[in-house]
Amino acid sequence: MFTIMQEAQYLGQQPMLGTGPYAEQVARHVQQSNSGAQGLLPVLDQLLETLRQSDEALRTAMENYRRAEDDQKSTFNT
């Protein structure tokens with residue numbers, strides 16, 4: 001199974017639009033639009049990192065909530 005980044009790597013390749021000067025220029029532009037500094041691939045990578053960080057933060061918050069609940073339960077059970 002491919003991950004989204006593995007599949008998105010195809011976007012970083014220069015498309016085959018022909019061998020004429022204009023086709024080659026357009027192909028380079030398309031490739032740069034996808035994989036350049038402001039392109040789709042770096043933005044997608046940033047999005048995935050933000051999602052990973054959000055997932056980690058939510059898991060930490062859930063664990064903290066569970067601990068607080070357990071502490072409160074033990075207060076009432078003693």
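What follows draws every value from the coordinates through simple rules; no lab data is involved. These numbers come from a predicted model, not from an experiment. So basically every Cβ, Gly included, is an ideal-geometry build from the backbone, and we count neighbours across all protein chains shown.
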**Asked** Under a GNM of the chain (C-alpha, springs under 10 Å), which listed residue has the highest mean-square fluctuation: 59, 67, 28?
**Response** 67
**Fill in**
Calc'd 3J(HN,Hα), segment 28-33, phi into Karplus 6.51 cos²θ - 1.76 cosθ + 1.60 (θ = phi - 60°), Hz, glycine/Pro = x, comes to 5, 4, 4, 4, 5, 5
**Request:** Wrap a convex hull around the Cα atoms of the chain, take a quarter of its surface area, and give that in square nanometres.
**Result:** 7.4 nm²
**Request:** Net charge near residue 41: determine it from the other residues with C-beta under 15 Å of the C-beta of residue 41, scoring Lys and Arg +1 and Asp and Glu -1.
**Result:** -3
**Item:** Residue-wise HN-Hα coupling along segment 40-57, computed from phi with Karplus coefficients 6.51, -1.76, 1.60 (Hz; x: Gly, Pro)
**Value:** 5, 5, x, 5, 5, 4, 5, 4, 5, 5, 4, 5, 4, 5, 5, 4, 5, 5
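First measure r as the distance between the Cβ atoms of residue 50 and residue 3, then evaluate 1/(1 + (r/R0)^6) with R0 = 22 Å and state the FRET efficiency to the nearest 0.05. Don't jump to the answer; show the numbers that get you there.
Values: r = 16 Å, r/R0 = 0.73.
Rounded to the nearest 0.05, the efficiency is 0.85.
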